[in-house]
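For reference, the structure discussed in these notes is given below.
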Protein chains: 2
Amino acid sequence: MYQTKIEFFYCCCMKIEKTLHSRIDKINFNHISSFGNHFSDHMFCSEFRNGEWKNSMIKPFGNIWISPISLVFHYGQAVFEGMKAYKDKNEEVFLFRPKENFKRINKSAIRLEMPTIPESIFMNGLKKLIDIDRDWIPKNYGQSLYIRPFLIAIDDGVLSAKPSNDYLFMIISTPADSYYYKDSLKIKIEEKYSRSASGGVGFTKASGNYASSFYPTKLAKEEGFDQVLWTDSSTHTLIEESGTMNVFFWLKNKLITPQANENILSGITCNSILSLAKKEGIDVQERDLRVSEIIDGLKNGVLKEAFGCGTAVVVNYFKTISYQGTDFSLPDLPEKKRISLRLKKNLLDIQHNLSEDPFGWRFRLKKFST
Amino acid sequence: MYQTKIEFFYCCCMKIEKTLHSRIDKINFNHISSFGNHFSDHMFCSEFRNGEWKNSMIKPFGNIWISPISLVFHYGQAVFEGMKAYKDKNEEVFLFRPKENFKRINKSAIRLEMPTIPESIFMNGLKKLIDIDRDWIPKNYGQSLYIRPFLIAIDDGVLSAKPSNDYLFMIISTPADSYYYKDSLKIKIEEKYSRSASGGVGFTKASGNYASSFYPTKLAKEEGFDQVLWTDSSTHTLIEESGTMNVFFWLKNKLITPQANENILSGITCNSILSLAKKEGIDVQERDLRVSEIIDGLKNGVLKEAFGCGTAVVVNYFKTISYQGTDFSLPDLPEKKRISLRLKKNLLDIQHNLSEDPFGWRFRLKKFST
């Protein structure tokens, strides 16, 4: 067990328990072996009980004491976010578009009949936690501190299938390297299994969306693919997402991404890529995208690039797309000629405070700590 | 905290910690106020780590100590079962078709890329737990001990979106009265929201299926309905389930239920009702059932009864079905003339050992305890 000391937050009644035994010397920041296996020293918790948020606190990262009738275990009320903090050369800390995550977790919460989190609790908890653990943010280009806010239903004393009355909101964080599954991906257009239904929760970051994707993904991996490219569950003719990424296609000199709808997550990285592309003068389209357009583009050589993007992965391009048993290779462009990697660099340059921030995406984190 | 004593199980290395301070005097078995708010004194736990099941134990019901990176919180790997134990007049205890629940939890686990539970762990844990807590099984007709086995992903040290390596299987139980939402239900045919997608996990008891239904159900309740009647997500022309129940329609002298498929849970109560109806010589059909057939049947007066069934509710009939803003009333039959209630009584009679058991559904629980 860690020994702790108590201090009090400067602006609101958030209790803070700081560890006296940091684990930071356990991690080699020049070689962060895998994503999400070292957690920073502290975590933020806040409880929703009897209709109100209370007991906000920061404490040493560790286990929680929770009832087996917590409804998250039984009825899946759980939503989360993924976001990042970056350092610049002067070790100033920046969060990237944190209010987008704040807005989206509440959009997810509403669809799962969970309480929304007040902006003050989300933002103050986030800022104070990352400030306390700022030494955990890696310094190198492409590295970041990955931040995981999540909201779960806990025990309200009744097991029946209904929304819980009580909830726990937490924020934890983990240092992240440039996170590639691989340099480039081989993906399979999925026509049997589905990620989401129209009228369902595909547009949310509901935990259940992920569990249901693991088995189809395993089957694809057994066939030699890295990921599936999801299509709509009704007709399997419309492109949705790939794995946990939004997708882009550079087709006939247009950059096309499936329009975010009730089946598709509105990705913050995706929206940022769209803005960066538009600013460059690229012809960008957000619209329904048919599988047949992709296959025709691959056959005719007018599909030049395809890539996925998301907070964890940033950008990852595809080298092969497989459809109904046939593998189609994408052009083997040099990295310098890839739109995907240029947009990625432009995004990382903003995140690391190496370029202008015309969209106001950087959120500078002031130092509060004593 | 409860004081405990240790004894050892007779047949396998299951550790047993019995409470010395039962809470059974806190519950009035003649008036069990609400479903799932009193839990029996003990719970069963077993862990899956490093590819094997271990640490099976029965201990006093209470909180668990779990990491915030348990993947159930983030990626929704959680499946469960609902089952019941009954007493007969001599206070002999019977489980109802427990091996069906055993098979189904593993079917759910496979689809969510979770390990299957060995039959010995499921059945020995279940039998020993219910035996120890047999005083918690109510005695009156229609009452039972509701049993909740569930399997959740825990912390395997890595947060990334992939199946967990480590899992926790638990069984808890709660005394249940005859569980009616209401005597009869007013339901709404849902055409906007969906419960499941083709190629999805609707056929499993995955926790995420329930969370996604709460918001549409809330909207229906705000309109004055008790539940929604789910239709297929692609066309909204085919009937699926209602709330957490399978559904039956007594239409043109045939008892019709939507065929269990990848969108529809294969309900154990549903299958039992089907068998009982067939045995009576009722013309039973399991097939695709169109919304239009139901609406035509309501308009023409050839739909005489409609009802939902499930482990918790047993059978609950519908008095009103609403479609596109129009409420259609079902015939106001006396209870004695209702097929739904006759089948319910036949089922309860078997469950309480008041009638023959031609299908071999009762599972007599021997007394092991000292």
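The values are calculated or read from the model by the stated rules, or taken from the named source; none is laboratory data. Please read all numbers here as calculations on a predicted model, not as lab measurements. Cβ placement follows ideal geometry from the backbone for every residue including glycine, while neighbour counts extend to all protein chains displayed.
Yes or no, residue by residue, for (1) within 14 Å of chain B (Cβ to nearest Cβ); (2) farther than 20 Å from residue A:122 by Cα; (3) β-branched (Val, Ile, Thr):
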residue: A:23; (1), (2), (3): yes, yes, no
residue: A:39; (1), (2), (3): yes, no, no
residue: A:48; (1), (2), (3): no, no, no
residue: A:60; (1), (2), (3): yes, no, no
residue: A:65; (1), (2), (3): yes, yes, no
residue: A:69; (1), (2), (3): yes, yes, yes
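The residues of segment B:238-256 that are β-branched (Val, Ile, Thr) and within 12 Å of chain A (Cβ to nearest Cβ) amount to a single one, B:244. For segment A:253-272, a residue qualifies if it is under 13 Å from residue A:340 (Cα atoms), among the hydrophobic types (A, V, I, L, M, F, W, C) and in contact with a Ser or Thr (Cβ under 8 Å, 6 or more places away or on another chain), and exactly one does: A:270.
Screening the candidates B:130, B:171 for the property of being within 11 Å of chain A (Cβ to nearest Cβ) and not aromatic (Phe, Trp, Tyr) yields one hit, B:171. Within segment A:272-286, is there a residue that is closer than 27 Å to residue A:105 by Cβ, modelled with pLDDT of 95 or more and of a type in the set (Val, Ile, Thr)? Yes - at least one qualifying residue is present in segment A:272-286. Annotation note: of B:89, B:139, B:128, B:84, the sole residue that is crowded, with 21+ Cβ neighbours inside 10 Å, over 20 Å from the mean Cα position of the chain (by Cα) and over 30 Å from residue A:172 (Cα atoms) is B:128.
Can you tell me which of A:169, A:214 is among the hydrophobic types (A, V, I, L, M, F, W, C), over 15 Å from the mean Cα position of the chain (by Cα) and not assigned by TED's automatic domain parsing to the domain that holds residue A:41? Working first, answer last.
Values: A:169 fails: not assigned by TED's automatic domain parsing to the domain that holds residue A:41.
Of the residues listed, the single one that is among the hydrophobic types (A, V, I, L, M, F, W, C), over 15 Å from the mean Cα position of the chain (by Cα) and not assigned by TED's automatic domain parsing to the domain that holds residue A:41 is A:214.
If you go through segment A:234-258 and keep only what is more than 23 Å from residue A:83 (Cβ to Cβ) and out of contact with any Phe, Trp or Tyr (no Cβ under 9 Å at 6 or more places or on another chain), you end up with A:234, A:235, A:236, A:237, A:238, A:251, A:252, A:253, A:254. Screening segment A:25-37 for residues that are polar (S, T, N, Q) and within 11 Å of another protein chain (Cβ to nearest Cβ) and picking the one that is farthest from residue A:123 (Cα to Cα) gives A:33. Kindly check whether there is at least one residue in segment A:174-182 that is modelled with pLDDT of 95 or more, in contact with a Phe, Trp or Tyr (Cβ under 9 Å, 6 or more places away or on another chain) and within 24 Å of residue A:77 (Cβ to Cβ). The answer is yes; a qualifying residue exists. Scan segment B:270-278 and tell me whether some residue there is more than 14 Å from every other protein chain (Cβ to nearest Cβ), in contact (Cβ under 8 Å) with a residue 12 or more places away in the chain and among the basic types (Lys, Arg). Checked segment B:270-278: no residue is more than 14 Å from every other protein chain (Cβ to nearest Cβ), in contact (Cβ under 8 Å) with a residue 12 or more places away in the chain and among the basic types (Lys, Arg).
For segment A:40-53, which positions are at pLDDT 95 or above and not small (Gly, Ala, Ser)?
Of all residues in segment A:40-53, those at pLDDT 95 or above come to A:40-49, A:51-53.
Result: A:41, A:42, A:43, A:44, A:45, A:47, A:48, A:49, A:52, A:53.
Filter segment A:92-113 for residues that are under 20 Å from residue A:168 (Cα atoms), outside any loop (DSSP other than H, G, I, E, B) and of a type in the set (A, V, I, L, M); which is farthest from the other protein chains (Cβ to nearest Cβ)? Among those that are under 20 Å from residue A:168 (Cα atoms), outside any loop (DSSP other than H, G, I, E, B) and of a type in the set (A, V, I, L, M), it is A:105.
Grab the strands (runs of 3 or more DSSP E) fully contained in segment B:145-232, keeping just those with 1 or more residues being buried (at least 24 other Cβ atoms within 10 Å of the Cβ) and of a type in the set (D, E, K, R). Let's see the steps before the verdict.
Details: elements: B:167-176, B:184-189, B:227-231.
Hits in segment B:145-232: B:184-189.
Considered as a group, the residues in segment B:183-230 that are at the interface with chain A (Cβ under 8 Å from one of its Cβ atoms) and aromatic (Phe, Trp, Tyr) include one that is farthest from residue B:265 (Cα to Cα), and that residue is B:215. Could you check segment B:210-261 and list, in sequence order, the residues that are at positive phi and at pLDDT 95 or above? Listed by number, the residues that qualify are B:224, B:236, B:252, B:253. Within the option set A:52, A:100, being among the charged types (D, E, K, R) and either in contact (Cβ under 8 Å) with a residue 24 or more places away in the chain or crowded, with 18+ Cβ neighbours inside 10 Å (or both) holds for one residue only, A:100.
May I ask you to verify whether residue B:156 is over 21 Å from the mean Cα position of the chain (by Cα), within 29 Å of residue B:62 (Cβ to Cβ) and away from chain A (no Cβ under 13 Å)? Break it down into steps so the answer makes sense when it comes.
Details: over 21 Å from the mean Cα position of the chain (by Cα): yes; within 29 Å of residue B:62 (Cβ to Cβ): yes; away from chain A (no Cβ under 13 Å): no.
Against the criterion (over 21 Å from the mean Cα position of the chain (by Cα), within 29 Å of residue B:62 (Cβ to Cβ) and away from chain A (no Cβ under 13 Å)), residue B:156 does not qualify.
Which one of A:85, A:78 is at the interface with another protein chain (Cβ under 9 Å from one of its Cβ atoms), aliphatic (A, V, I, L, M) and in contact with a helix residue (DSSP H, G or I) (Cβ under 7 Å, 6 or more places away or on another chain)?
Details: A:85 fails: at the interface with another protein chain (Cβ under 9 Å from one of its Cβ atoms).
Answer to the check: A:78.
Any residue at all in segment A:52-74 that is under 21 Å from the mean Cα position of the chain (by Cα) and charged (D, E, K, R)? No: zero hits.
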